[in-house]
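The block underneath contains the structure these notes are about, expressed in structure tokens.
Coordinate-derived values only; no laboratory data. These numbers come from a predicted model, not from an experiment. All Cβ positions, even for glycine, are placed from backbone atoms using ideal geometry, and neighbour counts span all protein chains on display.
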Amino acid sequence: DAKTTQPNSMESNEEEPVHLPCNHSTISGTDYIHWYRQLPSQGPEYVIHGLTSNVNNRMASLAIAEDRKSSTLILHRATLRDAAVYYCILRGLGGATNKLIFGTGTLLAVQP
Amino acid sequence: DAGVIQSPRHEVTEMGQEVTLRCKPISGHDYLFWYRQTMMRGLELLIYFNNNVPIDDSGMPEDRFSAKMPNASFSTLKIQPSEPRDSAVYFCASSLAFLAGTQYFGPGTRLTVL
């Protein structure tokens, strides 16, 4: 499975934007980039995913580099509720690759 | 929809006892996944099913672990006999086939084996 690299931890202030980076230099052409987050004492929660183009949804934006070797999850205005571990995951397409391999993620702390 | 339902939420048992964890996926979802999370090893995929059929059980740690999905609305993960190193939070997740990367996780079962 292609590997992702994320910083162990990041800090942000409330109501400021947060950019969470992810490197995936061995990504293949059919790998989707998924982001999940895990709030304290909860199960992981889907945030966003993309293939080549930048993506936006109500939770966040995903910016994907042109060569697809890196991506950035953008939280436009961090709130205290956004404090969580954020996982960047590559997923292959179809068949037995329909599984997610979670790494260690980035622990995001949000200061009031 | 109620989301993925897991029971029990907490389980404390003694070494050597049988433990059964239960999961009800979201109605209509084709895929069901079992994960285990510990501080040391993080979040690990144990097994997943597609249309009630086990597809990949390569993450199941050893023969003491078994999982079944008798129908589309129910799955169990059984540990027999349990050991203290099995203490972890066990998550169940489900997804639709064509959105298999978008998994919906349950609240987890916190298992403590004494």
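A few points about this structure:
- Residue of B:Val89, B:Val12, B:Val53 that the Gaussian network model of chain B assigns the largest fluctuation, springs spanning Cα pairs under 10 Å: B:Val12
- Residues B:Ser66, A:Ser28, B:Ser95, A:Ser53, ranked from the fewest to the most other C-beta atoms within 10 Å, line up as A:Ser53, A:Ser28, B:Ser66, B:Ser95.
- Placing +1 on each Lys and Arg Cβ and -1 on each Asp and Glu Cβ, with no other charges, gives the range A:1-54 a dipole about its Cα centre of roughly 260 debye.
- Selected from A:Arg77, A:Arg91, A:Arg37 as most flexible by GNM, with chain A as the system and alpha-carbon contacts under 10 Å: A:Arg77
- Summary value for chain B: 37 percent relative contact order, contacts being C-alpha pairs under 8 angstrom separated by 6+ residues.
- Per-residue Karplus couplings for the range B:3-8, computed as 6.51 cos²θ - 1.76 cosθ + 1.60 with θ equal to phi - 60°, are listed in order as x, 6, 10, 10, 8, x Hz, Gly and Pro entered as x.
- Rg followed by Dmax, in Å, when the protein assembly as shown is reduced to its Cα trace: 17.7, 54
- Computed Kirkwood radius, in angstrom, where 1/r is averaged over Cα pairs of chain B: 13.9 Å
- Looking at the protein assembly as shown alone, DSSP beta bridges between its own residues are antiparallel in about 90 percent of cases.
- Of the residues B:Ala88, B:Ala72, B:Ala97, the one that moves most in a GNM of chain B with alpha-carbon contacts below 10 Å is B:Ala97.
- Overall Cα dimensions of chain A - principal axes, largest extent first, Å: 43, 30, 24
- Cross-link partners for A:Lys3 among the lysines, with Cα-Cα distance under 24 Å and sequence neighbours closer than 8 places in the same chain left out: A:Lys69, A:Lys99.
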